[in-house]
Amino acid sequence: MKLATIEHEGRIRTAVVTADGLLLDLTAADAAPFLTSMQSIIEAEERSLPVIADLLARNRGDHLLSPDVVRFLAPLPVPNSIRDFANFELHCLQALETSMRMRAAAQPDPEAAYQSYKASGAYALPAIWYERPFYFKGNRMTCSGHGGTIQWPRFGRTLDYEVEFAAIIGRKGVDIPADRAPDHVFGYTIYNDFSARDEQVRDQQFRMGPAKGKDFDTGNVMGPWIVTRDELPDPYGLTMRCRINGQTQGVGLSGDMQHRFEACIAFISRDETLYPGDVLGSGTMGNGCGFETGRYLEPGDVVEIEIDGIGTLRNVIGERR
């Protein structure tokens, strides 16, 4: 199933996508309290999903909405937490290359400086990256959804996108072995981790990872819905694409993740409980951001991320303020 959170006539609703692309308003179709929010649907998965399937099967045209008349919120408007990984080797290598060239460009002899930095190994991907998944924690209060306008942060001049997909935890657990990790995944969604790159460069001079460069309202975009795990029996066989104003910027494969979600769940759940509504970002695919390709965002740009089996997440970039 594809499950969304929408706003219609001023009221926030949960919805399921029908076979012909309409939205069945679950809040109107059934009074069950566990259908009133995505968080409660996830927490009551064993009860809620059969009820939703039955509502779909029995529906005869009642409580249906066109996607054109609703506003999509992030499917999980306020996640329990966000952990965003860096699991695509090509992205990491190309981001390090860009960082090295940017630093060299500020030197009197850029090419000599570049060759010196490259020979030093300071910009090589460390061996430990191949051994364990690395992540940072995002701001769960800044999520927005499909079709929304992304607020340009006043403190940034260089705005960028990041092509990711995400797993949503559905079952509480601690010390979860990798072979049992799929049972703890409720579903998957598309994730666009917008970033103020100029601010992020300042952040990382202290080597603590991203901070303010990724923390601004509307910057964590997810959607358009959550696809339940049964619809994606192989989440690592998906093609991921990004377009800006209809022009393809990058294409990748979900299976290129160095550390798949099972490994990430096993790693982070060591002596740490995972909860329903926790979100795990895959990290940016190779050629999945302007920092790699050189194509940063401008006001009015339409950014689309498409992932097989999930759909398309579309957003418009707001004006500089």
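Identify all residues within the range 54-63 that are open to solvent by 50 Å² or more (accessible area, probe 1.4 Å) and not in a loop (DSSP other than H, G, I, E, B); write none if there are none. Before you say what the answer is, go through the steps one by one.
Start the filter on the range 54-63 by keeping residues that are open to solvent by 50 Å² or more (accessible area, probe 1.4 Å), which leaves 54, 56-58, 60, 62-63.
Selection gives 54, 56, 57, 58.
Counting just the residues of the range 166-218 that are aromatic (Phe, Trp, Tyr) and in contact with a Lys or Arg (Cβ under 9 Å, 6 or more places away or on another chain), which one comes out surrounded by the fewest Cβ atoms within 10 Å (Cβ to Cβ)?
216
Hydrophobic (A, V, I, L, M, F, W, C) and open to solvent by 30 Å² or more (accessible area, probe 1.4 Å), is that true of residue 16? Full working, then the answer.
Details: hydrophobic (A, V, I, L, M, F, W, C): yes; open to solvent by 30 Å² or more (accessible area, probe 1.4 Å): no.
Here the answer is no, as residue 16 does not meet what is asked.
Scan the range 135-148 for residues that are crowded, with 19+ Cβ neighbours inside 10 Å, in contact with a helix residue (DSSP H, G or I) (Cβ under 8 Å, 6 or more places away or on another chain) and either of a type in the set (S, T, N, Q) or not in a loop (DSSP other than H, G, I, E, B) (or both) and jot them down.
Correct list: 135 only.
Looking only at the range 300-315, which residues are in contact with a Gly (Cβ under 7 Å, 6 or more places away or on another chain) and open to solvent by 40 Å² or more (accessible area, probe 1.4 Å)? Don't jump to the end; show me each part of the working.
Going through the range 300-315, the residues in contact with a Gly (Cβ under 7 Å, 6 or more places away or on another chain) turn out to be 313-315.
Selection gives 314 alone.
In the range 149-188, how many residues are part of a helix (DSSP H, G or I) and touching an Asp or Glu at 6+ places or on another chain (Cβ under 8 Å)? Steps first, answer last, please.
Within the range 149-188, the subset part of a helix (DSSP H, G or I) is 178-184.
Pick out the ones that are also touching an Asp or Glu at 6+ places or on another chain (Cβ under 8 Å) and you get 178-179, 181-182.
Going through the range 149-188 one residue at a time, the tally reaches 4.
For the range 189-271, which strands (runs of 3 or more DSSP E) that fit wholly inside it have 1 or more residues that are over 15 Å from residue 313 (Cα atoms) and of a type outside the set (A, V, I, L, M, F, W, C)? I'd like the intermediate steps shown before the answer.
On the way: elements: 220-228, 239-244, 247-253.
Per the criteria, 220-228, 247-253.
Every residue, every condition in (1) at pLDDT below 95; (2) touching a Pro at 6+ places or on another chain (Cβ under 7 Å); (3) of a type in the set (S, T, N, Q); (4) closer than 30 Å to residue 47 by Cα, yes or no:
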{"residue": "151", "(1), (2), (3), (4)": "no, no, yes, no"}
{"residue": "154", "(1), (2), (3), (4)": "no, no, no, no"}
{"residue": "161", "(1), (2), (3), (4)": "no, no, no, no"}
{"residue": "170", "(1), (2), (3), (4)": "no, yes, no, yes"}
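Within the range 28-48, track down each residue that is β-branched (Val, Ile, Thr) and surrounded by fewer than 20 Cβ atoms within 10 Å (Cβ to Cβ).
36
The values are calculated or read from the model by the stated rules, or taken from the named source; none is laboratory data. What you see is a predicted model, and the numbers here were worked out from it, not measured in a lab. Cβ coordinates were reconstructed from backbone atoms using ideal geometry, including for glycine residues, and neighbour counts include every protein chain displayed. Areas reflect the complete protein model, heavy atoms only, side chains present, ligands, DNA and RNA absent. Shrake-Rupley method; radii C 1.70, N 1.55, O 1.52, S 1.80 Å.
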